[in-house]
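Down below is the structure, laid out as structure tokens.
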Amino acid sequence: MKLQNLNQIAKHAQFQLTRNPNPQFLNQNLALLAKSHEDNGNAFFNLYNQMLSFSDSSSHNHYTFTHALKACSSFHAFSKGLEIHARLVKSGHISDRFIHNSLLHFYLSSNDVVSATRVFQSIPSPDVVSWTSLISGLSKCGFESKAIETFSSMNVKPNSLTLVSAFSACSTLGALRFGKAIHAYGIKLRIDGNIVFCNAALDLYAKCGSLMNAHNMFVKMSKRDVISWTTLLMGYARGGHCDEAVEVFKQMVVSGEAEPNEATVVTVLSACASAGSLSLGCWVHSYIEKRIDLCIDGNIGNALVNMYVKCGDMKMGLKVFKMVVCKDVISWGTVICGLGMNGYGKQAVQIFSQMLVHGVLPDDVTFIGLLSACSHVGLVGEGMMFFKAMRDSYGIVPQMRHYGCMVDMYGRAGMFEEAVVFIRGMPVEAEGPIWGSLLQACKIHGNEETSEWIRGQLGDKKVGVGTVALLSNIYASSERWEDADKVRKRMRGPGLKKVAGFSWIEPEVRLDLDSSLCVALGILRED
């Protein structure tokens, strides 16, 4: 709504106030003003205040207050909402059920669960709207268990929106069994033809990892939309079934039943990246380019860059990165991590410099990429500098992965004394991956002394089976068979099982990259 229209509505309302302060017509103006966010609600509240300024109540009715409470939610005017609540109590309008439900919605939209609960408890006979508002609000405010408890105590017949709200709480909690009961109840009420209800049930099964039920639910749906397809795709991708996720995307495109949106495309690109399937990722890329409404920028651009760098095609990753107009911290961080994991540490440091030049502040993920890059190419001095800058200059508290990168960097460089000093100075206890990376370095450099120290540090700590196997292999390589056997016996203990490794390749994946390419793409400055 344009500001000119706002002024016209306000002037018309002023005219009505002076000539005929009929609440039926004035409330219509309130409703129109509430839809605009041009002046942050000033025009709305000015009219509302003037309507209530009349000595009698001829200029307003209970609908005036419902409009006002809705506007308080939209404009985040919490103090004004409290003022309206007080007036409702004083005027006696508080007894109206519509007012109760409006107050309930106002407090829940403001995340004030305590006040919302008090309002609900004050309603003599809550209707299905009251119950649904409370269940939905509790779920959205993070009180999922309370939402399910409230749903269980309902004394009126729920509708489809009530069940959808209950589904949402179950999905967050992973309460599959209770969610199934809600699904069965919905079928009993014969609302299973409602696409919103079906999508909520599908989301429950997908998020709880019950992919067979999700697939069966999807197949049986009489009508499916883009949310249905994307929910199933996300379920497969989240569960690590990346090939199935891509297959769902292909079926979606071929069937034409629904057109993929941004969330669909980003999810399938993430699945391609996780599966390391460059060919499928390229196919998705070609599909995006054919869609005029999908722009290689923002989330889609970042997802494409991530897919290419994780599949090892840094040339295309950098090419897409250049195409992204609005590069955010995720864009830069993805390229830095990609260069680091593909062995181009110096280029990663250069990209970081360009990131700072463009005024983008790094986050904790950016520094993980930087430290990992320095570790892989032996840039120990630079890594130490970045670790210090992360804490002192950017106020980022190091996490376990940052400490792991530093230990790995010292170990790869053969600086075992520095690694030990660093571990001892850590404010948190080292976890399995840190010991594993240092053990790997010990194996490469043949450092038995540090290996023994690590063995003493591990003691009865719970570490991954890979770390234990690595220690055994180090002893075996030194023909210390008795020690190797002792470690192997530990591996046969409860909860430790070595998973067989595997690998896959795709043909025609080009890994050649040098600084000249980056310069040509306009990303790096030529030294």
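Mind checking which residues of the range 84-118 are under 21 Å from L52 (Cβ atoms) and aliphatic (A, V, I, L, M)?
Within the range 84-118, I84, A86, L88, V89, I94, I99, L103 qualify.
Between a first residue in the range 78-101 that is open to solvent by 60 Å² or more (accessible area, probe 1.4 Å) and a second residue that is modelled with pLDDT under 90, which pairs have beta carbons less than 6 Å apart while being 6 or more apart in sequence or on different chains?
Short answer, once both residue conditions are applied: F98/T66.
Can you report the number of residues in the range 271-297 which are open to solvent by less than 30 Å² (accessible area, probe 1.4 Å) and either on the phi > 0 side of the Ramachandran plot or of a type in the set (S, T, N, Q) (or both)?
Qualifying residue count for the region: 2.
I'm checking my understanding of the structure. Among residues of the range 298-331 that are open to solvent by 10 Å² or more (accessible area, probe 1.4 Å) and in contact with a His (Cβ under 9 Å, 6 or more places away or on another chain), which one is farthest from L233 (Cα to Cα)?
Among them, the one singled out is K327.
Quick check, is P494 at pLDDT 75 or above, exposed (fewer than 12 other Cβ atoms within 10 Å of the Cβ) and of a type outside the set (K, R)?
Here the answer is no, as P494 does not meet what is asked.
Any idea which residue in the range 144-174 is most open to solvent (accessible area, probe 1.4 Å), counting only those that are farther than 23 Å from A206 by Cβ and touching a helix residue (DSSP H, G or I) at 6+ places or on another chain (Cβ under 8 Å)?
Ranking the candidates gives K157 first.
Within the range 210-238, which residues are farther than 19 Å from I187 by Cα and open to solvent by 50 Å² or more (accessible area, probe 1.4 Å)?
Selection gives I227, M234, R238.
Does L138 satisfy the condition of being open to solvent by less than 70 Å² (accessible area, probe 1.4 Å), of a type outside the set (D, E), in contact with a Lys or Arg (Cβ under 6 Å, 6 or more places away or on another chain) and in a helix (DSSP H, G or I)? Even if it seems obvious, please write down each step before you answer.
Working: open to solvent by less than 70 Å² (accessible area, probe 1.4 Å): yes; of a type outside the set (D, E): yes; in contact with a Lys or Arg (Cβ under 6 Å, 6 or more places away or on another chain): yes; in a helix (DSSP H, G or I): yes.
In short, yes.
From the set of residues in the range 379-395 that are under 16 Å from V407 (Cβ atoms) and of a type in the set (F, W, Y), which is surrounded by the fewest Cβ atoms within 10 Å (Cβ to Cβ)?
F387
Just checking, how many residues over the range 427-446 are open to solvent by 20 Å² or more (accessible area, probe 1.4 Å), in contact with a Phe, Trp or Tyr (Cβ under 9 Å, 6 or more places away or on another chain) and among the aliphatic types (A, V, I, L, M)?
1
Give the range 370-426 a look and list any residue that's closer than 27 Å to M355 by Cα, aromatic (F, W, Y) and assigned to a helix (DSSP H, G or I), or say none.
Within the range 370-426, F386, F387, Y403, Y410 qualify.
Applying the selection to the range 248-270, what residues are surrounded by 14 or more Cβ atoms within 10 Å (Cβ to Cβ) and either among the aliphatic types (A, V, I, L, M) or in contact with an Asp or Glu (Cβ under 7 Å, 6 or more places away or on another chain) (or both)?
Those that are surrounded by 14 or more Cβ atoms within 10 Å (Cβ to Cβ) and either among the aliphatic types (A, V, I, L, M) or in contact with an Asp or Glu (Cβ under 7 Å, 6 or more places away or on another chain) (or both): V248, M252, V253, A258, A263, V265, V266, V268, L269.
Every residue, every condition in (1) more than 24 Å from W229 (Cα to Cα); (2) free of Cβ contacts under 8 Å to residues at least 12 places away in the same chain; (3) surrounded by 21 or more Cβ atoms within 10 Å (Cβ to Cβ), yes or no:
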{"site": "L103", "(1), (2), (3)": "yes, no, yes"}
{"site": "S115", "(1), (2), (3)": "yes, yes, no"}
{"site": "G179", "(1), (2), (3)": "no, no, yes"}
{"site": "G193", "(1), (2), (3)": "no, no, no"}
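With V309, V305 as the choices, which residue is assigned to a helix (DSSP H, G or I) and either more than 23 Å from R412 (Cβ to Cβ) or in contact with a strand residue (DSSP E or B) (Cβ under 7 Å, 6 or more places away or on another chain) (or both)?
V305
The values are calculated or read from the model by the stated rules, or taken from the named source; none is laboratory data. Just so you know, these numbers come straight off a predicted model, no measurement behind them. All Cβ positions, even for glycine, are placed from backbone atoms using ideal geometry, and neighbour counts span all protein chains on display. Please note that ligands, DNA and RNA were not included when accessible areas were found on the heavy atoms of the full protein model with its side chains. Shrake-Rupley method; radii C 1.70, N 1.55, O 1.52, S 1.80 Å.
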